[in-house]
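Asks: The structure that follows is given in the form of structure tokens.
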Amino acid sequence: MSVSITLPDGSKRELPDGASGADLAADIGPGLAKAALAVEIDGQLRDLSRELPSGASVSIIKGDSAQGLEMLRHSTAHVMAQAVMDLFGKDNVRLGIGPTIKSGFYYDFDFTDGRRLKDEDLARIEKRMAEIIAADQVFVREEVSYDEALRTWTERDDRYKCDLIKGFPEGETISFYRNLDSAGESAGPEAFVDLCRGPHVPRTGSLSKVFFKLLSVAGAYWQGDENNPMMQRVYAACFSNKKDLKKHLNNLEEARKRDHRKLGKELQLFHFTDEVGPGLPLWLPKGTMILDVLRDFLRAEQAKRGYLPVSTPHIGRLELYKTSGHWQNYGDSMFPIMGDAEVGEGFALKPMNCPHHIQIYKSDLRSYRDLPLRLAEFGTVYRYEKSGELGGLKRVRGFTVDDAHLFVTPEQLQTEFADVVQLVRFALETFGLTVSARVGTRGTSSDGKFVGSPEQWEHAQQGIIQACDAMGLDYTVEEGEAAFYGPKLDFVITDALEREWQLGTAQVDYNLPERFDLLYTAKDGSRQRPIMIHRAPFGSLERLMGVLIEHYGGAFPLWLAPLQISVAPITDDQAEGAHALTERLRAAGLRVRCDTANEPIGAKIKRARLEKVPYVAILGPREIAESTVSVRSQAEGDLGSMSLDEFFERVCAEVSTRKAS
């Protein structure tokens with residue numbers, strides 16, 4: 001008997017019965033046999049050592065592919081866990097999870113002897129990993145029953161693996177991976193074994209060309225639950241070539257230099273103080289100027305698209321948030337109730353703006369002629385984030401959302417949602433950010449987290465997906481990641497250091513219109529229910545600012561910079577000309593300083609450089625005589641001399657076009 005295999009190019013191969021993925025690679029050629037890491041069979045990755053089913057479509061996975069890199073990282077994480085147990089004793093180490101991440105992997109450990117890993121330990125672990133890789137150990141898959149899996153890890157006194165096993169769906173295949181020596185012989189009871197779905201590369205020697213670096217140790221609650229033990233999470237970078245690892249490590253170093261908490265203090269943008277409270281930023285004048293520019297930019301774009309400005313209070317009756325469902329589904333993240341809720345006088349700081357905008361909709365009778373109704377507000381909301389989860393501007397307790405709620409008819413839904421997507425993309429791409437998207441759906445959850453009927457959810461989810469398809473927007477679908485009241489489209493940006501951040505969002509909602517009994521008069525005179533679109537292009541102004549500070553390294557483009565130009569006379573003799581140029585620039589709406597300090601010109605230039613001012617306009621005797629200015633650019637260095645008119649036109653054009661850098 002033989003096994004018939006179809007390759008990606010459509011060609012077929014006949015192999016002996018029982019042939020494995022490794023046999024297929026060898027049959028194609030010795031070069032591929034050496035490079036192969038795994039096979040993909042009908043869309044599923046499998047170890048090279050497993051038998052191939054006859055009639056399957058099979059492709060060979062190599063390390064130079066995205067799937068190959070994922071496998072290399074996965075197997076290297078496995079090797080790290082083995083190294084930790086080798087160094088610190090398997091009786092002292094309990095294993096959590098070790099997933100891959102965008103730049104590498106991490107693994108969670110619990111040390112029963114109370115050990116705390118230090119930087120010098122990471123170097124020891126790296127050395128042991130190199131020894132394991134050089135030993136060319138064999139990864140062997142073992143499929144076991146549920147009872148055997150649970151018994152194995154119970155005997156090892158590893159509650160974490162037991163928790164994972166108990167969480168597996170009924171009927172799921174459970175597998176272990178055991179490391180054998182280079183000859184494929186068992187190393188006895190001391191052989192390293194881990195609970196893992198796989199697949200893995202064939203041997204640890206397959207990782208000899210992987211470039212990795214253990215980066216740091218952080219605390220992480222088991223399964224993200226603060227009621228569970230705190231484990232030690234070791235993060236690692238891992239790439240298939242040295243160049244990519246070096247680039248990533250350089251980006252990490254640059255990220256430390258660009259930390260928005262550090263730059264925010266140096267550039268006097270914002271301030272935190274315990275007297276006000278953690279997670280509650282105070283915006284200093286320069287930071288406020290940037291916020292004002294951001295607000296003005298988005299307000300102008302919204303006005304072009306027919307949005308109407310509204311303003312709502314910071315608090316509301318508790319009953320309002322009970323009707324919306326926020327209290328039931330979001331109460332743990334809300335601040336304590338003010339007043340006496342038992343007698344109907346309970347008030348809460350608003351966690352979201354939507355219930356307030358709904359009340360504005362309900363303030364008047366609405367006709368189909370009034371729709372779509374687009375209400376927009378820069379509304380401050382409050383979340384009681386745990387102190388350990390706060391992180392500069394990116395995770396705060398009080399923040400301003402560029403919120404808008406659109407009330408639309410079913411016929412308007414797809415067009416309006418597409419317009420929202422276009423606005424969000426335009427707004428974020430203006431900063432030079434790369435934008436992608438994630439569709440968060442309800443999935444198959446039935447745990448009561450989501451409100452509304454399955455039919456409403458299906459309509460809403462399809463509305464989002466159809467709008468994305470119509471616009472040609474690349475997106476992924478993440479089941480179970482919807483808001484409690486409706487599916488959402490999250491916009492994920494990639495910054496200058498190739499890090500991803502979730503900023504803007506857009507959501508389709510059939511549920512709140514029903515909970516609040518929203519109606520409009522249709523063309524035929526009947527009373528119909530509108531659909532809501534929630535959207536926030538920036539998401540949170542605070543989070544956006546944290547991202548932008550790091551994206552630009554504090555050197556904001558001209559249109560965003562709090563101080564755009566520093567006019568610097570060389571001596572007092574040029575002060576009058578400097579003031580005249582300053583007034584001309586200010587009259588054009590530019591933010592300008594006339595630096596007439598009694599200091600050498602070098603000190604004035606240095607001050608502007610440290611403040612990351614985009615332009616320094618230098619005026620000396622020759623410039624005054626020739627009606628020119630010597631220009632230094634933060635981004636481009638010395639631009640030489642140009643006429644006053646030329647400089648004026650240059651900076652005005654940069655601002656009007658919102659040049660990103």
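The values are calculated or read from the model by the stated rules, or taken from the named source; none is laboratory data. Note that the structure is predicted; figures quoted are calculated from it, not measured. With ideal geometry, Cβ positions are generated from the backbone for all residues, glycine too; neighbour counts draw on all protein chains shown. Calculation scope for accessible area: heavy atoms of the full protein, side chains included, ligands and nucleic acids excluded. Shrake-Rupley method; radii C 1.70, N 1.55, O 1.52, S 1.80 Å.
One line per residue, one yes/no per condition, for (1) open to solvent by 70 Å² or more (accessible area, probe 1.4 Å); (2) touching a Ser or Thr at 6+ places or on another chain (Cβ under 8 Å); (3) among the β-branched types (Val, Ile, Thr):
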position: Leu24; (1), (2), (3): no, no, no
position: Ala35; (1), (2), (3): no, no, no
position: Leu52; (1), (2), (3): no, yes, no
position: Asp86; (1), (2), (3): yes, no, no
position: Gly96; (1), (2), (3): no, no, no
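Asks: If you take just the helices (runs of 4 or more DSSP H) that sit entirely in region 49-162, which of them hold at least 3 residues that are over 21 Å from Val201 (Cα atoms)?
Replies: 119-134, 146-155
Asks: Right, another one. Quick check on my filter: what residues within region 104-134 are hydroxyl-bearing (Ser, Thr, Tyr) and in contact (Cβ under 8 Å) with a residue 60 or more places away in the chain?
Replies: Tyr106, Tyr107
Asks: Across region 295-316, which residue is surrounded by the most Cβ atoms within 10 Å (Cβ to Cβ) among those that are in contact with a strand residue (DSSP E or B) (Cβ under 8 Å, 6 or more places away or on another chain) and of a type in the set (A, V, I, L, M)?
Replies: Applying the filter and picking the extreme gives Leu298.
Asks: Let me ask another. Return yes when Arg607 is in contact with a strand residue (DSSP E or B) (Cβ under 6 Å, 6 or more places away or on another chain), modelled with pLDDT of 95 or more, in a helix (DSSP H, G or I) and of a type outside the set (Phe, Trp, Tyr) and no when it is not.
Replies: So Arg607 fails the test.
Asks: Applying the selection to region 602-649, what residues are of a type in the set (Ser, Thr, Tyr) and within 35 Å of the chain's Cα centre (by Cα)?
Replies: Tyr615, Ser633 - these are the residues of region 602-649 that are of a type in the set (Ser, Thr, Tyr) and within 35 Å of the chain's Cα centre (by Cα).
Asks: Six or more apart or on different chains, Cβ atoms under 8 Å: show the pairs whose first residue is in region 429-445 and open to solvent by less than 30 Å² (accessible area, probe 1.4 Å) and whose second is part of a loop (DSSP other than H, G, I, E, B) and modelled with pLDDT of 85 or more.
Replies: If the second residue must be part of a loop (DSSP other than H, G, I, E, B) and modelled with pLDDT of 85 or more, the pairs left are Thr430/Arg658; Leu433/Asp495.
Asks: Determine whether region 635-642 contains at least one residue that is part of a strand (DSSP E or B), free of Cβ contacts under 8 Å to residues at least 24 places away in the same chain, in contact with a Lys or Arg (Cβ under 8 Å, 6 or more places away or on another chain) and open to solvent by less than 30 Å² (accessible area, probe 1.4 Å).
Replies: yes
Asks: To continue, here is another question. How many of the residues in region 214-265 are assigned to a strand (DSSP E or B) and under 19 Å from Ala66 (Cα atoms)?
Replies: Of the residues in that region, 4 qualify.
Asks: Under 6 Å between Cβ atoms, at least 6 apart or on separate chains: pull out the pairs that start in region 464-481 with a residue that is under 14 Å from Gln507 (Cα atoms) and end on any residue that is aromatic (Phe, Trp, Tyr) and part of a strand (DSSP E or B).
Replies: Final answer for the pair search is Cys468/Tyr475.
The rows are residues; the columns are (1) open to solvent by 20 Å² or more (accessible area, probe 1.4 Å); (2) in a loop (DSSP other than H, G, I, E, B); (3) not aromatic (Phe, Trp, Tyr).
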| site | (1), (2), (3) |
| --- | --- |
| Glu514 | yes, no, yes |
| Asp517 | yes, yes, yes |
| Arg543 | yes, no, yes |
| Leu558 | no, yes, yes |
| Ala561 | no, yes, yes |
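Asks: When Ala56 is evaluated against the numbered criteria (1) hydrophobic (A, V, I, L, M, F, W, C); (2) modelled with pLDDT under 85; (3) surrounded by fewer than 16 Cβ atoms within 10 Å (Cβ to Cβ), which criterion, by number, is the only one it fails?
Replies: The failed condition is (3).
Asks: Do we have Lys604 as crowded, with 18+ Cβ neighbours inside 10 Å and closer than 19 Å to Ile570 by Cα here?
Replies: Yes: the conditions hold for Lys604.
Asks: Next question. Kindly list the number of the only condition in (1) on the phi < 0 side of the Ramachandran plot; (2) without any contact (Cβ under 8 Å) to a residue 12 or more places away in the chain that fails for Gly43.
Replies: (1)
Asks: Hey, can you tell me all the residues within region 326-359 that are modelled with pLDDT of 95 or more, open to solvent by 50 Å² or more (accessible area, probe 1.4 Å) and either assigned to a loop (DSSP other than H, G, I, E, B) or in contact with a strand residue (DSSP E or B) (Cβ under 6 Å, 6 or more places away or on another chain) (or both)?
Replies: Passing the criteria: none in range.
Asks: Could you give me the residue pairs with C-beta distances under 7 Å whose first residue belongs to region 152-172 and is over 15 Å from Trp222 (Cβ atoms) and of a type in the set (A, V, I, L, M, F, W, C), whose second residue is open to solvent by less than 60 Å² (accessible area, probe 1.4 Å) and not in a loop (DSSP other than H, G, I, E, B) wherever it lies, and which are 6+ apart or on separate chains?
Replies: Note: pairs meeting the criteria are Phe168/Ile174.
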